[in-house]
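The values are calculated or read from the model by the stated rules, or taken from the named source; none is laboratory data. Predicted, not measured: the structure shown is a model, and the values here were computed from it. Virtual Cβ from ideal backbone geometry, glycine too; neighbours counted across all protein chains shown. The area values use the complete protein model at the heavy-atom level, side chains included, leaving out ligands, DNA and RNA. Shrake-Rupley method; radii C 1.70, N 1.55, O 1.52, S 1.80 Å.
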Amino acid sequence: YMVALAGACGGGALLGGAFLALAFGLAACAALLDLRGFWLPDSLTRPLLWLALLGAATGLAAVGPADAILGAVVAWALGAALRAGLHARHGQEMLGGGDAKLFVACGGLCGLSGLPLLLGALPLGLGLLGLARRGGPDSDWLPLGAAIVTAWMASAALALTWGGLAGVLPG
């Protein structure tokens, strides 16, 4: 299913579709691990970031190299500020390191130009996740990585749809 979606979103370009399928696959694996055990291993977050940067450098990603690097850097800065602020407010870690690394990777995938859309979709991902986990075990804790992946996938789908419609709609 994901490969078909990625192929369709990639506009039929074989390499672009394969890039997107790999990114969606790595991100989905990270989200599932986070959902099952609140765990986001570096063995998934690092390759996802490298995939984002290499995809941008080779023209396979929807964003250019500078946009991808700036997206990752700004996502890192936002994540670090949020992590520090939450720690200062609550006196304990509230945002795991894996969540922050995953956010950096997704920032690289969407680029600085797509970061506002990712940030806009994040409350939706958090809300859906909160509703799904309500009353369940560990319902006081949300696997934020799953919300980040949901937000990135939603923002990527919207960006690709809008990008695909740009040539069709009057300008």
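If you check Leu51 against the conditions, is it surrounded by 12 or more Cβ atoms within 10 Å (Cβ to Cβ), more than 19 Å from Ala27 (Cβ to Cβ), out of contact with any Cys (no Cβ under 6 Å at 6 or more places or on another chain) and of a type in the set (A, V, I, L, M, F, W, C)?
On the way: surrounded by 12 or more Cβ atoms within 10 Å (Cβ to Cβ): yes; more than 19 Å from Ala27 (Cβ to Cβ): no; out of contact with any Cys (no Cβ under 6 Å at 6 or more places or on another chain): yes; of a type in the set (A, V, I, L, M, F, W, C): yes.
So Leu51 fails the test.
Just name the residue that is modelled with the lowest pLDDT out of those in segment 25-39 that are open to solvent by less than 20 Å² (accessible area, probe 1.4 Å) and touching a Leu at 6+ places or on another chain (Cβ under 7 Å). Please lay out each step first, then the result.
So in segment 25-39, the residues open to solvent by less than 20 Å² (accessible area, probe 1.4 Å) come out as 27-28, 30-31, 34.
Checking the rest, the ones that are also touching a Leu at 6+ places or on another chain (Cβ under 7 Å) come to 27, 30, 34.
Working: Ala27: 95, Ala30: 95, Asp34: 92.
Only one residue tops the list, namely Asp34.
Between residues in segment 84-96 that are within 15 Å of Trp141 (Cα to Cα) and part of a loop (DSSP other than H, G, I, E, B) and residues that are of a type outside the set (A, V, I, L, M, F, W, C) and open to solvent by 60 Å² or more (accessible area, probe 1.4 Å), which pairs lie under 7 Å by C-beta distance while being six or more apart or on different chains?
So the pair list comes out as Glu93/His87; Met94/His87; Leu95/Arg83.
Here are some residues: Leu118, Leu124. Which one is surrounded by fewer than 17 Cβ atoms within 10 Å (Cβ to Cβ) and either in contact with a helix residue (DSSP H, G or I) (Cβ under 9 Å, 6 or more places away or on another chain) or in contact (Cβ under 8 Å) with a residue 24 or more places away in the chain (or both)?
Of Leu118, Leu124, the one residue that is surrounded by fewer than 17 Cβ atoms within 10 Å (Cβ to Cβ) and either in contact with a helix residue (DSSP H, G or I) (Cβ under 9 Å, 6 or more places away or on another chain) or in contact (Cβ under 8 Å) with a residue 24 or more places away in the chain (or both) is Leu124.
Regarding Gly135, is this residue more than 19 Å from Trp162 (Cα to Cα), part of a helix (DSSP H, G or I) and modelled with pLDDT under 90? So that I can check it myself, show each step before the final result.
Values: more than 19 Å from Trp162 (Cα to Cα): yes; part of a helix (DSSP H, G or I): no; modelled with pLDDT under 90: yes.
In short, no.
Can you tell me which of Ala61, Ala66 is in contact with a Phe, Trp or Tyr (Cβ under 7 Å, 6 or more places away or on another chain) and over 15 Å from Gly145 (Cα atoms)?
Of Ala61, Ala66, the one residue that is in contact with a Phe, Trp or Tyr (Cβ under 7 Å, 6 or more places away or on another chain) and over 15 Å from Gly145 (Cα atoms) is Ala61.
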